Every structure is written in C-alpha cells, then in structure tokens.
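The structure appears right after this line, and notes come after that.
The values are calculated or read from the model by the stated rules, or taken from the named source; none is laboratory data. Keep in mind that this is a model prediction, so the values were computed, not measured. Please note: Cβ atoms are built from the backbone with ideal geometry, for glycine as well, and neighbour counts cover all protein chains shown.
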Amino acid sequence: MLTLLRYWTLSHTGISSFVCDAIFQYLPADVTGTESAISCSKIDPAPWITYSFADITNHYLTPGNILLSGSYSGVHECTTPPNNRGLQNIIIGNGISTCYDAAQILTVAGNGTSFKVQNGGNVSLIAGQKISILPGAGVDPGGYLTAYITTTSAFCNSFKMNPLVVNTSMITDTEEPFAGLHLITIFPNPTSGIVHIVLNQANPASAVQLDFYTLLGNKIMTKTIYGANIHPFSLADKPAGIYLVRARSESYTETTRIVKN
C-alpha cells in the first residue's frame, strides 16, 4: 500500500552500466501512513524492489545503488504483496521488527547491494514460492531473521507459521536477483511418491545438503548430494500435502516446495 502521495520517475539514456544513489524529498503532508514504517520501493515496472526505510527527520527517501529505471515511492507493507520483490540496501536496526513478503519470489541483497539485521533487529521474510538470500545479506549476533514459504496466502498481514530458517550469523548466496536460475531442479512436481532432484551448478564436486520439511517446520529427511546426476527421493510413505526442501551449498541457500498427491 502506498503511503506517500508522491512518486518519482527515474530514467536514463546512453549509459551502458547505469548505477546511482538518489535522494527523494517529500513533505510531511505527503505521508498517509506511519512515516517510520515507510520504505522506498521501485513500484513500476515489476519486479518490486524495496530499499531502505525513510529518513523521518529530514523527510526523504535514500535508495542507493539503483540499477533500474522506473517509478519510485514510499510504501508500507501491502495487504496483497507484489509477485516478486527484491530487498536492497536495508538495515534492520536495534528495536526494529518488520516483515517483507512476495507472492512468488523474494530476493535479499545481491548485485552489490546489502541487507543487514543488526543486534536487536528482527525481520520476517515470507514468499509463496522461493526466498533467495544473496551476497551482501547478513545477520549480526543478537539479530534475528526468519524465512517462511507460505501455501495459504498468509503473508505479513496475517501469518502464523513455524520458521523454516532462523539465522543469527552471516548469510551469503550466489544467485543474481530474478535471473531465473535455481540451485536444484525437482521433477515431477506434483508427485505421487518419487521425486528426482538435479543439481544446476558448475562445480560437480561441490556438496549440496537437502533438508526436507513439513509445513509445520518438522524436518523429515536430510541428504547430501553431489554432481549433476539425477538423485531420486521417495515421499511414498508420507501423507499427501505440501513439503519444503531447502538446498544449501557453501555459498547459496534456496527453498522450494513439493506437492505430494
């Protein structure tokens, strides 16, 4: 939901490797929500990209390392989240508790940007399909980050789930935002019992740990796989429903859901 009655359109021509920092000034009268909860976001075109919180002392937005043209404004968390969202150049400081969501893919940091949860900060990430945590993301000791995959459209406005991931240390990842790349490929999905998992990584000697969870956050299986061969896994003895598989390499974490018929 937009919480500023003002927006800015940023464009460029003739620049092959465009990048900039911006300051968008607004008036207190432009604010229609809680100013301290406003984040600067690129709202058009998709994907939605969220930057730092507003400077409520000087009444401006300060997105840094902007790579894309588009329209920018100040937003509060939405009742209906965007399909895809990137979180860039955000600091969750001491005493701040917030939530970010996306109906499909949520991408954290990457491409030279940052996302930091400091000591005393608390942030929840919720997505319908996938959460990618990329280089530049980190959680200081005493900070908390929880990540959820929802299948019931329970986003920031109304969620009650056990966290799939809880981190209180540095996190890194290698996938570029919205590049369409995945660490693993799963088929068939939905499945009647057997699923096959293929690694999509350049180094076949690198190990990838697979953790399988129920939607309640209970771990039902852990396996480590190598190489680009097809790795079969059986869910035949599990009840029909939705399961989550988290794939972790040395520098990358990805979560995907599997539907068992």
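Somewhere in the stretch 113-127, is a residue more than 21 Å from Leu145 (Cβ to Cβ) and either of a type in the set (Asp, Glu) or modelled with pLDDT under 85 (or both)? The answer is no, given that none of the residues of the stretch 113-127 is more than 21 Å from Leu145 (Cβ to Cβ) and either of a type in the set (Asp, Glu) or modelled with pLDDT under 85 (or both).
Once the stretch 25-41 is narrowed to residues that are out of contact with any Ser or Thr (no Cβ under 6 Å at 6 or more places or on another chain) and among the β-branched types (Val, Ile, Thr), the residue that is farthest from Cys156 (Cα to Cα) is Val31.
Since Asn157 meets every condition but one in (1) at pLDDT 75 or above; (2) assigned by TED's automatic domain parsing to the domain that holds Asn83; (3) surrounded by fewer than 18 Cβ atoms within 10 Å (Cβ to Cβ); (4) of a type outside the set (A, V, I, L, M), which condition does it not meet? It is condition (1) that Asn157 fails.
Of the numbered conditions (1) modelled with pLDDT of 60 or more; (2) at positive phi; (3) exposed (fewer than 14 other Cβ atoms within 10 Å of the Cβ), Pro188 satisfies every one except a single condition; which is it? Tallying (1) modelled with pLDDT of 60 or more; (2) at positive phi; (3) exposed (fewer than 14 other Cβ atoms within 10 Å of the Cβ), Pro188 fails exactly one: (2). For the stretch 227-256, a residue qualifies if it is within 13 Å of Leu183 (Cβ to Cβ) and hydroxyl-bearing (Ser, Thr, Tyr), and the qualifying residues are Ser249, Ser251, Tyr252, Thr253, Thr255, Thr256. Criterion first (at pLDDT 85 or above and either part of a loop (DSSP other than H, G, I, E, B) or of a type in the set (Phe, Trp, Tyr) (or both)) does Ala236 satisfy it? Spelling it out, Ala236 is indeed at pLDDT 85 or above and either part of a loop (DSSP other than H, G, I, E, B) or of a type in the set (Phe, Trp, Tyr) (or both).
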